[in-house]
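Heads up, the thing below is written out as structure tokens.
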Amino acid sequence: MRDIAAIVLAAGKGTRMKSALPKVLHRIAGRSMVGHVLDNLAALNVAKTAVVIAPGMDAVAKEVAPHPTAIQQEQLGTAHAVGAARAAIGKVDGTVLVLFGDSPLVTAATMRSLVTRREAEDRPAAVVLGMRPIDTSGYGRLVTDGEDNLIAIVEDHDADAKQRAIGLCNSGVMALDGAVLWDMIDAIGNENAKGEYYLTDIVAVARKRGRIAAVVEAPFDELVGINSRAELAVAEAYCQQRLRARAMDNGVTMVDPSSVFLSADTRLGRDVTIGPNVVFGPGVIVADNVEIRAFSHVEGAAIESGAVIGPFARLRAGSRIGRDAHIGNFVETKNAVLGEGAKANHLTYLGDAEVGAKSNIGAGTITCNYDGFLKTKTTIGDNVFIGSNSALVAPVTIGEGAIIAAGSVITRDVPADAMSVARGAQVDKPGWAAKFRAARAALKKSRG
Ligand code: UD1
Ligand code: CA
């Protein structure tokens with residue numbers, strides 16, 4: 001294969017999103033749209049990539065780093081945007097892929113098929129990725145000769161009724177001949193309904209120069225373009241479907257896949273079982289043979305093999321759940337490391353904590369990690385038993401094998417194998433309750 005360069009267009013204002021955030025930073029499955037494009041592109045052997053942004057889009061530049069950005073000073077259309085990358089990309093002896101930051105779900109395999117078609121013997125100057133959406137409105141229509149040959153692309157705004165009836169649409173993704181790219185871009189004008197320089201006109205320009213243009217088709221669920229929040233939700237749904245299918249292919253059981261939400265970077269081992277209504281935020285790694293029960297919310301967590309999570313568990317950033325450990329209902333962990341076989345089965349908060357192997361954390365235990373100013377750590381050794389409804393006021397260490405009596409508020413370190421009880425002493429008054437009831441009953445009777 002010859003050289004491949006890529007230009008990702010992301011300078012558009014994204015007005016229809018009605019957002020303070022640049023459009024391409026909106027997230028799908030926990031990853032920015034432009035992040036998806038660059039990740040999928042990473043599987044190709046791309047020599048040079050440039051992301052075209054508008055002035056002031058520093059947040060986008062930060063998101064795409066270390067990929068270089070090129071600034072498009074004014075948003076005068078997609079061809080003009082490609083032109084803005086000229087200095088960054090230079091002359092390419094091969095294919096230049098143009099991708100849209102707002103079409104984030106294009107797979108590497110599809111990008112590759114486009115490059116392969118571009119390098120076929122008939123050497124098309126442009127290969128356009130086509131799709132057949134159910135609702136074609138807003139998309140450019142691909143006018144073909146009935147075969148693979150592309151005659152022109154007509155934008156929705158500029159199309160006549162006959163052209164509007166065409167079902168084959170422009171996804172926006174193109175593979176272009178690097179040798180003539182800049183020359184073709186220079187030849188594109190702006191005589192159209194919007195007064196913009198349309199990249200889509202590159203097809204007509206190529207044909208005028210005696211070159212051919214071709215179409216490669218891919219399914220719409222890969223090519224959906226996002227201009228509004230409603231389309232963002234559509235893309236999210238497609239992406240979730242793809243992630244669930246991939247997880248199941250790799251040996252994950254999902255009782256109700258449609259209610260499981262994954263992040264683009266979720267890693268699930270074999271024989272993982274996921275109950276209904278489980279949400280994975282970014283940064284989750286799950287080893288083999290883990291069970292995650294219904295209604296759990298997991299992000300920034302690593303879960304080791306054999307662990308059981310939930311139902312109704314919440315694992316937050318920095319949670320590391322050891323082998324065969326159990327995290328039960330209404331348990332929240334944050335920056336917490338649980339050793340092998342440790343258990344926190346009910347109603348507990350473990351924040352900035354370390355729990356040793358085989359330790360048991362009773363219902364209602366709270367690690368008090370925050371004093372309003374600083375976060376401090378609770379360290380619990382191996383084989384510790386924390387009685388129900390205990391508060392462990394950090395910084396504090398509970399030695400190996402210690403037992404904490406239920407209802408304790410622990411403010412000092414507990415030595416190994418000690419039993420600590422830290423609560424008001426129990427007072428028993430024999431017969432008090434019976435006497436009280438008798439006195440009350442007499443009073444009530446005397447008042448009629
Ligand atoms: C574009 C295509 C249309 C296609 C559709 C697919 C053109 C003229 N139209 O329409 O044929 O069916 O995508 O989703 O290409 N951008 C810039 N600078 C600009 C203008 C746009 O960087 O000056 C970027 C945007 O950030 C976006 C992409 O180019 O990532 C597409 O622009 P957008 O305005 O969304 O084009 P569409 O109207 O969707
Ligand atoms: Ca668009």
Q. Tell me, what is the Rg over Rh of segment 34-110, with Rh the Kirkwood radius over Cα pairs?
A. 0.93
Q.
Output wanted: per-residue J couplings in Hz (rounded whole) for segment 97-107, from phi through Karplus 6.51 cos²θ - 1.76 cosθ + 1.60, θ = phi - 60°, x for Gly and Pro.
A. 8, 10, 10, 9, x, 9, 10, x, 9, 5, 7
Q.
Starting from the 7 Å offset along Cα-to-Cβ, what nm value, one decimal, do you get for the label separation of Asn45 and Glu400?
A. 5.4 nm
Q.
If N is the number of residues in segment 198-239, what value comes out of its Cα radius of gyration divided by 2.2 N^0.38 Å?
A. 1.67
Q.
As I understand it, the dipole of the chain uses +1 on the Cβ of Lys and Arg and -1 on the Cβ of Asp and Glu, about the Cα centre. Which of Thr365, Ser258, Val24 lies farthest toward its positive end?
A. Thr365
Q) What nm distance separates the two modelled labels at Thr273 and Val427, each placed 7 Å from Cα along Cα→Cβ? A) 5.2 nm
Q. DSSP beta bridges in the chain, what fraction antiparallel, as a percent rounded to 5?
A. 20 percent
Q) Could you give P(r) for segment 82-124, binned at 10 Å from zero, as whole percent values over all Cα-Cα pairs? A) 22, 45, 33, 0
Q: Would you kindly compute the Cα radius of gyration of segment 303-439 and its largest Cα-Cα separation (Dmax), both in Å?
A: 16.8, 61
Q | Potential lengthening between Asp417 and Ala109 on full extension [0.36 nm per residue; Cα-Cα distance subtracted] | A | 104.9 nm
Q.
Give the average over all directions of the projected area of the C-alpha convex hull of segment 22-181, one decimal, in nm².
A. 10.1 nm²
Q.
Using Stokes-Einstein with the Kirkwood hydrodynamic radius over Cα pairs, what translational diffusion coefficient do you get for segment 255-363 at 10 °C and a viscosity of 1.306 mPa s, in µm²/s rounded to a whole number?
A. 122 µm²/s
Q | Relative contact order, percent, the chain [alpha-carbon distance under 8 Å, six or more residues apart] | A | 8 percent
(Q) Report the Cα-based extents of the chain along its three principal axes, largest first, to the nearest Å. (A) 105, 59, 41
Q. What angle, in degrees between 0 and 90 and rounded to the nearest 10, separates the Cα long axis of helix 432-446 from the longest principal axis of the Cα atoms of the chain?
A. 90 degrees
Q | Cut-off under 5 Å, modelled amide H: who pairs with Val414 long-range | A | Thr397, Ile398, Gly399
Q: Find the all-direction average of the projected area of the Cα convex hull for segment 217-286, expressing the result in square nanometres with one decimal place.
A: 5.3 nm²
(Q) If packing is taken as the average number of other Cβ atoms within 10 Å across a peptide's residues, how do 335-344, 150-159, 56-65, 434-443 rank, most packed first? (A) 335-344, 150-159, 56-65, 434-443
(Q) How large are Rg and Dmax for segment 173-213 when calculated on the C-alpha trace, in angstrom? (A) 10.2, 30
Q: Determine Rg/Rh for segment 107-154; Rg is computed over alpha-carbon atoms and Rh is the Kirkwood hydrodynamic estimate from the same atoms.
A: 0.99
Q) Taking H as built 1.01 Å from N, whose amide H comes closer than 5 Å to the amide H of Val272, not counting residues under 5 places away? A) Thr253, Asn289, Val290
(Q) Using the crude model of +1 on Lys and Arg Cβ and -1 on Asp and Glu Cβ, and no other charge, please compute the dipole size for the chain relative to its Cα centre, in debye to 20. (A) 2380 debye
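Read-outs throughout are calculated quantities, based only on the coordinates presented, and are distinct from any laboratory measurement. All of these numbers come straight from a predicted model, not from anything done at the bench. So basically every Cβ, Gly included, is an ideal-geometry build from the backbone, and we count neighbours across all protein chains shown.
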